[in-house]
Amino acid sequence: MDAPFEITLQIVLAVLAGITAQVVGEYLKVPSIIFLLLFGIGLGGDGFGLIHPQDLGVGLEVLVSLSVAIILFEGGLNLELKELGQVSNSLRNLVTTGVFITLVGGGMAAHWLGEFPWSLSFLYASLVVVTGPTVINPLLRQVKVDRKVATLLEGEGVLIDPVGAILAVVVLDIILSGDTGPLYILSGLAVRLGIGALIGGLGGGLLALFLKQAKFLSEELRNLVVLAGLWGLFGLAQIVRSESGLMATVISGLVVRALSVPDERLLRRFKGQLTILAVSVLFILLAADLSIASVFALGKGALFTVLVLMFAVRPLNILSCTASSDLNWRQKLFLSWIAPRGIVSASVASLFAILLTERGISGGDAIKALVFLTIIVTVLAQGLTARYLARFLKVAIERPGNGAVIVGCNALSLLIARMFKEAGEPVMLIDTDAEACAQAEQENIPVRISSALDEGVLEEAGIALAGTFLVITNNGEVNAVVAQQAQESFQPPHVLAVFPESTQTSGNPSPKASPKTAKTSLPKVPLPVLPLKAWNNRLSEGTVRLGETLLRSKGAVMQRAHLRALMRSKDMMPLLIKRDDQLWVALTEDDWQPGDRIVYLLHDPKPKLLQRLSGGSRPNRLTVETVPAVEEVPLPTPVIESKPPLPPTEVPPENKLGSKPKP
C-alpha cells in the first residue's frame with residue numbers, strides 16, 4: 001500500500017470515527033469528547049491498530065495548528081462583548097491571576113504526588129490551565145445554566161486557550177534553554193499576547209469592513225473569505241512571533257462579532273460546522289496515538305494529581321478570582337466543579353511530546369499521558385454530573401419556561417399578550433413601530449421598541465426563560481428568519497412563526513405562502529399560514545368571541561373532527577393551550593391531548609349586527625366564555641337499515657290462499 005493512499009485512509013477513518021462519536025454523543029445527551037477518546041483509543045495502536053497518526057509526519061502538526069485556529073476563531077465569534085461586560089472583573093481575574101494559581105498548584109501537585117521533576121511538573125501545569133470551548137460549549141448546550149455562569153465559563157474557555165498555549169510554549173523554552181528567570185516568562189507572555197492581539201484586532205476589523213462593503217459576495221464565498229482571512233491572520237502572527245497566532249484568531253473573531261457583519265448567523269453556523277469537524281478529526285488522531293500502557297505506568301500518584309487539580313486548585317482559583325463579584329455561593333460552587341480540559345491541552349501536549357523526544361529529553365510521553373488522564377477524568381466526572389449538580393444547586397434554567405416573548409404588535413398579538421398577563425405569566429412585546437405599541441403601553445404590557453433580529457434585544461426581553469416565542473408580524477419571511485434565529489440561539493420550548501395568508505381575489509394563499517413552501521424553508525420551526533389580516537380586522541370590528549373548551553376523552557374523535565371543521569372554514573382559530581400549570585401559544589392543532597383546555601377565537605358577525613340595530617357600542621375587552629357552537633358537537637345521523645324487498649315471485653305467507661289472517 002503506497003504512502004499517499006495510506007495517509008488518505010488515515011484521514012478518512014478519522015473523519016468517519018469522529019462524526020460517529022459526535023452522533024452517539026448527541027443521541028445520548030452526553031459530551032461527545034468521551035466517545036471521541038474511546039473511539040480514538042480503540043482504533044489506535046492499543047486497539048484495532050487501524051489508525052497510525054505517526055504516518056502523517058509533520059502533516060499532523062500542520063493539521064493541529066490550522067484546526068486549532070478555526071476552533072479559537074469560532075470561540076471568539078460566539079462571544080458577546082455585552083455579556084462579557086457583566087462578568088468582566090471575574091473573567092479578567094480568571095485569565096490572569098487564575099492562570100498562575102493553576103500553574104503553581106498544578107505544578108506542586110505533579111511534583112509531590114506524581115513525582116515529576118519540577119521542570120516537567122510546571123510544563124504539565126501549563127498545559128492544563130486551559131479549559132476550552134470544544135468541551136464547555138457542548139456541555140452548556142445540554143445543561144442550561146444561569147446566564148452569568150454560562151458567560152463566565154464560555155469566556156474563560158475561549159480567552160484562556162491562547163494564554164495557556166503561549167504559557168506552555170514559554171515554559172518549554174525555559175526547559176530547552178535553561179533560562180528560568182521570571183522576567184523571561186512574563187516578557188514572553190506579554191510579547192506574544194500583544195502581537196497576537198494587535199494583528200487580530202486590525203485584521204479582524206479590516207475583514208469585517210470588507211464583508212460589509214462587498215455585497216456582491218454570495219453566502220458561500222463570504223464564508224470562505226472569512227476562513228481564508230483567519231488562516232491568513234494566524235500565519236502572519238506566527239511569522240512575526242511564534243505562537244502568537246492563537247491570540248490573533250481569538251481577537252479577530254471577537255472583532256468580527258462586535259462589528260456585526262452581514263449574515264453573521266450563517267457565518268457562525270458555518271464556522272461551528274468546521275469546528276465540529278476539526279475537533280472530531282483531531283481527537284481521534286491524538287487519542288489513537290496515546291499509549292494506554294504509559295497511562296497505567298504513571299501510578300496512583302498521577303490520579304491523585306488530577307484529583308487535587310479538580311478538588312483543591314480549581315475551587316481555590318474560583319474563590320480567589322470571583323471574591324469581589326456578585327455571584328452567590330451556589331454559582332461559585334458550580335464554577336468550581338466545571339473545568340473540563342479539551343483539544344488545546346491534548347494537541348499541544350502531543351506536539352510537545354514529539355519535540356521533547358526529538359531533543360533527547362525524557363518524560364515527554366509521560367507528560368502527554370498525564371494530560372490525557374486529566375482530560376479523561378475531568379470530562380467523565382464533570383460532563384456526566386453537570387446536569388444533576390446544576391439542578392441540585394438551583395443554577396439550572398429548568399425547561400419548559402413560562403410566559404411569552406411576542407414579536408409584532410397588532411390586535412391579535414395584543415390579545416395573546418393580554419391573556420398571558422391576566423394569567424400571571426411574564427410577557428414581552430417587541431416591535432420597531434412605536435405607534436403600533438401604543439395600545440400595549442396603555443394597558444401596561446411590557447414593550448420593547450427595537451428589532452428582534454438583534455439577539456441582545458431578545459436576551460433582554462427574557463427569551464432565555466420564556467416558554468413561548470411567537471413571531472407574528474405582517475412579513476412572513478421576516479417572521480421565519482427571526483424564529484429560526486431564536487430557535488438556534490436560545491431553543492425556547494415553543495417557537496412559532498406566522499406566515500400571513502396573501503389576500504387575493506381568489507382567496508387562496510399565494511405560492512410563497514403555501515404550507516409546502518413554508519415547511520421546506522423552515523424545517524425546525526412551525527410556520528402556519530393564517531389569514532392574519534382577516535383576524536385582526538375581525539378583532540377591530542368586534543365580530544369575534546373568545547371561548548375556551550375542554551378536550552374530552554369520551555367522544556374525542558368527534559370533538560376533534562368538529563374543531564377541525566371550524567378551523568378549515570376559517571371561522572375558528574385556536575390561540576392557547578392550558579395543560580396542567582403550563583400555558584403556551586398554539587395557533588394550529590398542536591399535539592392536543594385529552595384534558596387540555598383550548599382557548600380560541602370564533603368568528604361571529606351577530607354582535608356587529610346587534611350593535612348596528614341598537615345603536616350601542618360593544619366593549620373592546622373580550623372575556624372568555626363557553627360558546628355553544630363549539631361545545632355542541634354534532635352527532636352523526638343514525639342509519640336505519642330497511643328490510644330487503646322480496647323477490648317478485650315470492651308471495652308473503654299471509655297472502656297465500658287458504659291462510660288465515662293474523663288477528
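The values are calculated or read from the model by the stated rules, or taken from the named source; none is laboratory data. Model, not experiment: these values are computed from the prediction. Note: ideal-geometry Cβ built from the backbone for every residue, glycine included; neighbour counts use all protein chains shown. Protein only, heavy atoms only, side chains kept; ligands, DNA and RNA dropped before computing areas. Shrake-Rupley method; radii C 1.70, N 1.55, O 1.52, S 1.80 Å.
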Could you work out the equivalent-ellipsoid semi-axes for segment 356-447, taking the square root of 5 times each eigenvalue of the Cα gyration tensor, largest first, in whole Å?
56, 18, 8
Computed over the Cα atoms, what is the radius of gyration of segment 232-350 divided by 2.2 N^0.38 Å, N being its residue count?
1.41
I need to check one value: relative contact order of the chain, counting alpha carbon pairs closer than 8 Å and at least 6 residues apart, in percent.
13
Which translational diffusion coefficient, to the nearest whole µm²/s, is obtained for segment 362-510 from the Stokes-Einstein equation, given a Kirkwood hydrodynamic radius over C-alpha pairs, 37 °C and 0.692 mPa s?
182
How big is the equivalent ellipsoid of segment 166-291 along its three axes, where each semi-axis is √(5λ) from the Cα gyration tensor, reported in whole Å from largest to smallest?
32, 20, 10
In bins 10 Å wide, starting from 0, what share of all Cα pairs of segment 219-294 does each bin hold, as a percent?
16, 37, 31, 11, 3, 0
Ranked highest first by average number of other Cβ atoms within 10 Å, how do 249-260, 341-352, 54-65, 221-232 line up?
341-352, 249-260, 221-232, 54-65
Would you calculate the separation in nanometres between label points at Val15 and Ile292, each defined as 7 Å from the Cα along the Cα-to-beta-carbon direction?
2.9
Solvent-free Debye scattering, log10 I(q)/I(0), computed from the Cα coordinates of segment 71-222 at q = 0.14 Å⁻¹:
-0.82
Percentage, to the nearest whole number, of Cα pairs in segment 1-141 over 25 Å apart
50
State, as an integer percentage, the relative contact order of segment 453-501 based on alpha-carbon contacts under 8 Å between residues 6 or more apart.
44
Förster radius 45 Å - calculated FRET efficiency between Ala556 and Lys212, Cβ distance, rounded to 0.05
0.20
Segment 54-180, accessible surface, carbon-and-sulfur percent (1.4 angstrom probe):
59
Looking only at aspartates and glutamates whose Cα falls under 17 Å of Lys271's and that sit 8 or more positions away or on another chain, we get Glu74, Glu80, Glu154, Glu219, Glu220, Asp263, Glu488
From the convex hull of the Cα coordinates of segment 419-473, what is the mean projected area in square nanometres?
3.8
Can you give the angle from 0 to 90° between the axis of helix 118-127 and the longest principal axis of the chain, with both taken from C-alpha atoms, to the nearest 10?
20
Rounded to a whole number, what % of the accessible area of segment 275-351 do carbon and sulfur atoms account for, probe 1.4 Å?
72
Within the accessible area of segment 366-434, what % is carbon and sulfur when the probe is 1.4 Å and the other protein chains stay in place?
60
Taking a crude spin-label model, label points 7 Å out from Cα along the C-beta direction, the Asp580 to Arg597 distance in nm is 1.6
Peptides ranked, highest mean first, by Cβ atoms within 10 Å: ranges 384-397, 123-136:
123-136, 384-397
Residue by residue through segment 343-358, which ³J(HN,Hα) values in whole Hz follow from phi under the Karplus form 6.51 cos²θ - 1.76 cosθ + 1.60 (θ = phi - 60°), with glycine and proline marked x?
5, 5, 4, 5, 5, 5, 4, 5, 5, 5, 4, 5, 5, 5, 5, 5
Which of these values of Kirkwood radius over Cα pairs in Å was calculated from the structure shown: (i) 27.5; (ii) 28.8; (iii) 26.1?
(ii)
Cα-Cα pairs above 16 Å in segment 545-600: how many percent?
35
Whole-Hz Karplus couplings 3J(HN,Hα) for segment 558-564, θ = phi - 60° and coefficients 6.51, -1.76, 1.60, Gly and Pro as x, run 5, 5, 5, 4, 5, 5, 5
Rounded to whole Å², per residue accessible area for the chain with a 1.4 Å probe reads 47
For labels at Glu220 and Ala438 in the simple 7 Å Cα→Cβ model, what's the distance in nm?
5.0
Fraction of alpha-carbon pairs over 26 Å apart in segment 281-402 - percent:
34
To test your reading of the geometry: what angle, between 0 and 90 degrees and rounded to tens, separates the Cα axis of helix 182-213 from the longest principal axis of the chain?
40
Percent of C-alpha pairs per 5 Å bin, segment 465-505, short to long:
6, 26, 28, 19, 10, 5, 3, 2, 0
How much length would be gained if the chain were fully extended between Val633 and Leu316, taking 0.36 nm per residue of separation minus their Cα-Cα distance, in nm to one decimal?
107.4 nm
Helix 33-43: inclination vs the chain longest Cα principal axis, degrees, rounded to 10, gives 60
Rounded to the nearest 0.05, FRET efficiency between Thr8 and Arg141 (Cβ-Cβ, R0 45 Å) equals 0.85
Report, ordered by chain and residue number, the aspartates and glutamates lying within cross-link reach of Lys300, taken as a straight Cα distance under 15 Å and ignoring same-chain residues fewer than 8 apart.
Glu115
Restricting to the chain, what percent of DSSP beta bridges are antiparallel, rounded to 5?
50
Phi-derived 3J(HN,Hα) across segment 491-497 with the Karplus relation (6.51, -1.76, 1.60, θ = phi - 60°), rounded Hz, x for Gly and Pro, is 6, x, x, 10, 10, 9, 10
Per principal axis, descending, Cα span of segment 81-123 in whole Å
44, 13, 11
For segment 158-260, what's the relative contact order in percent, using C-alpha pairs closer than 8 Å and at least 6 residues apart?
39
Let's test this: bin the Cα-Cα distances of segment 47-127 at 5 Å from zero up to the farthest pair and state each bin's percent.
3, 12, 11, 11, 14, 18, 17, 9, 4, 1
